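Undergrad: Sharing a structure here in structure tokens format.
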Amino acid sequence: MSEVRKALDAFIEIANDPRAQLDAVLAEGKKAVGVMPYYAPEELVYAAGMVPFGMWGAEIQVSESKRYFPAFYCSIIHTILDLGIRGEFKGLSAVMIPLTCDSLKGMGANWRYGVKDIPVIDVAYAQNRKLAAGVEFTESQIKKIRGQVEELAGVKISDWALAKANKVYNENRVECLEFTKLAASHSKTVSLIDRALVLKARYFMARDRHTVMLAELNKLLAALPEEPAEKKIVTTGIIADSPELLGILQDNGFTIAADQITHESVDFRCLADESIDPVKAMAKRLAEIEGTSVLYEPEKERNAQLVQIAKACGAEGVLWVLTKFCDPEEFDYVPGKAALDAAGIPLLLVEIDQQMVNYEQVRTAIETFKDII
Ligand code: SF4
């Protein structure tokens, strides 16, 4: 087996078995804190010597969560709560729940009722996050959560430790971005599923460990000759790690040249300013993130960014991966389509759900899209 394949498989093993990662952390005597989407201040958890554990749902069929949320809520919400009720997150010291969309606003109460043994840390950010007053409000919330995390860990989080956490996260963001470029230029060696799982693994392990592994993989990829990419597309949406969807794209010869996926590049394109107070740096970073429907953008900067990303990487089209029943994404799609139409960039919308079993419609749509572009 090649060195690259071995390195890729190490990430895949981690991404495919989050519970094993959590058990390993607990066996070391460390504490772990669950981190639900989106943009919870998990750097505080790292700075306190605990391990943040990402919670983005899973490809499972739910049953218990339907007693708490109506069936027309998105699968991320349903599957996270269902896993919680089933006891899949046993051992977490707490969960951070950001209130970034209407569905997540109901999660705190339902979690407290359905998963009684894991306490909740609510994460509220300023809606007008870019205004000076918004940054100030976000800072005040991060400080409040800092106190809660300190209590949980039983240690004080020094400014030095938090500044170090920002640095560790920045280093990871840089390697992740580099990896997305290398995956695009080595599309035969790195399959689309490999790409998604390498990035996904970072949610289930300490970021510095992910960085070390990824830097090694990036070095190996950079040493290989580039492989010409065919049918380059940009993906946009909340999450796009469905093996079925990625398998269909792979079968049809598509390369993800870049992405604007909240679960992927949107999370690591923006760095924290390491030259200022670490809490302010976290609040400022939140203000500067672009390209996601879950953070308020009065001017819908996401659209201009999407066009710019597509043009910069020479993409032949954009794939909008819409998470079923996600209001923020549905609202964004209309102006997003108008911007892409105006720029002459072909667009395909596919609706995805973590509980989906039949992908035939998606397959047909993608095959047709291939013929169009
Ligand atoms: S997918 Fe949409 S509705 Fe569901 S949690 Fe995310 S933003 Fe909210």
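Bear in mind these aren't lab numbers, they're just calculated from the coordinates by the rules spelled out. Since this is a predicted model, take the numbers as computed values, not measurements. Cβ placement follows ideal geometry from the backbone for every residue including glycine, while neighbour counts extend to all protein chains displayed.
Undergrad: Taking the Cα centroid of segment 306-344 and of segment 171-217, what is the distance between the two, rounded to the nearest whole Å?
TA: Measuring centre to centre over Cα atoms gives 24 Å.
Undergrad: How would Glu13, Glu43, Glu244 line up from fewest to most surrounding beta-carbon atoms within 10 angstrom?
TA: In increasing order of surrounding Cβ atoms, one gets Glu13, Glu244, Glu43.
Undergrad: Report relative contact order for segment 229-373 in percent, whole number only (criteria: Cα-Cα under 8 Å, sequence separation at least 6).
TA: Taking the mean separation of contacting Cα pairs over the length of segment 229-373, I get 29 percent.
Undergrad: Under the rule a/c < 1.5 gives rounded, and otherwise a/b versus b/c splits prolate from oblate, where does segment 31-153 land using the Cα gyration tensor?
TA: Judged from the Cα gyration tensor, segment 31-153 comes out oblate (a/c at least 1.5, b/c at or above a/b).
Undergrad: Within segment 1-102, list the trypsin sites (Lys or Arg not before Pro) lying in a DSSP loop whose Cβ has at most 14 other Cβ atoms in a 10 Å radius.
TA: For trypsin sites (Lys or Arg not before Pro) across segment 1-102 that sit outside H, G, I, E and B with at most 14 neighbouring Cβ atoms in 10 Å, the list reads Lys30, Lys90.
Undergrad: For the chain, with a Gaussian network of springs between Cα atoms less than 10 Å apart, report the residue from Ala27, Ala310, Ala124 with the top mean-square fluctuation.
TA: Its mean-square fluctuation being the largest, the pick is Ala27.
Undergrad: Now, a different point. Rounded, prolate or oblate: which one fits segment 186-267, using the alpha carbon gyration tensor with axes a ≥ b ≥ c (rounded when a/c is under 1.5, else prolate when a/b beats b/c, else oblate)?
TA: It is oblate, given that a/c is not under 1.5 and a/b is not larger than b/c.
Undergrad: Among Ala40, Ala343, Ala215, determine the one that fluctuates most according to a GNM of the chain built with springs between C-alpha atoms less than 10 Å apart.
TA: Result: Ala343 has the largest fluctuation of those listed.
Undergrad: Here's something else I'd like to know. DSSP loop trypsin sites (Lys or Arg not before Pro) in segment 149-195 with at most 12 other Cβ atoms within 10 Å of their Cβ, which ones?
TA: Those satisfying the criteria are Lys156, Lys188.
Undergrad: Under 19 Å Cα to Cα from Lys31, which aspartates and glutamates show up? Leave out anything in the same chain fewer than 8 places away.
TA: Candidates past the 8-residue exclusion: Asp17, Asp23, Glu42, Glu43, Glu88, Asp117, Asp122, Glu150, Glu151, Asp208.
Undergrad: Here is a follow-up. At a threshold of 8 angstrom on Cα-Cα distance, excluding pairs fewer than six apart, so keeping six or more, what relative contact order does the chain reach in percent?
TA: 18
Undergrad: Follow-up. Can you sort Ile309, Ile373 from fewest to most other Cβ atoms within 10 Å of each residue's own Cβ?
TA: If I rank by nearby Cβ atoms, fewest first, I get Ile373, Ile309.
Undergrad: Another question, then. To the nearest 20 Debye, how big is the dipole of the chain about its Cα centre, given +1 on the beta carbon of each Lys and Arg and -1 on that of each Asp and Glu?
TA: Roughly 740 debye for the chain.
Undergrad: Return the sequence-ordered ³J(HN,Hα) values of segment 294-311 in whole Hz as given by the Karplus equation 6.51 cos²θ - 1.76 cosθ + 1.60 applied to θ = phi - 60°, using x for Gly and Pro.
TA: The phi angles translate into 8, 10, 4, 10, x, 9, 6, 4, 3, 5, 4, 5, 4, 4, 5, 4, 4, 5 Hz.
Undergrad: Would you order Asp341, Asp241 from fewest to most other beta-carbon atoms within 10 Å of each residue's own beta-carbon?
TA: The fewest-first ordering by Cβ neighbours comes to Asp341, Asp241.
Undergrad: Quick one: putting +1 on the C-beta of Lys and Arg, -1 on the C-beta of Asp and Glu, what dipole do you get for segment 31-153 around its Cα centre, in Debye to the nearest 20?
TA: It comes to approximately 200 debye.
Undergrad: Rounded to the nearest 500, what is the chain's calculated 222 nm mean residue ellipticity when only DSSP H runs of at least 4 contribute -39500 (n - 2.57) each, over all residues?
TA: My calculation for the chain gives -16000 deg cm²/dmol from helical runs alone.
Undergrad: Select from Leu81, Leu220, Leu162 the residue whose mean-square fluctuation is largest in a Gaussian network model of the chain (Cα-Cα springs shorter than 10 Å).
TA: The residue that fluctuates most here is Leu220.
Undergrad: On a 25 Å Cα-Cα criterion, which of the cross-link pairs Lys156/Lys280; Lys105/Lys167; Lys130/Lys200 come out too long?
TA: Result: Lys105/Lys167; Lys130/Lys200 exceed 25 Å.
Undergrad: I would also like to ask the following. Over the chain, what number does the Rg to Rh ratio reach, with both radii from the alpha-carbon atoms and Rh per Kirkwood?
TA: Rounded to two decimals, Rg/Rh equals 0.94.
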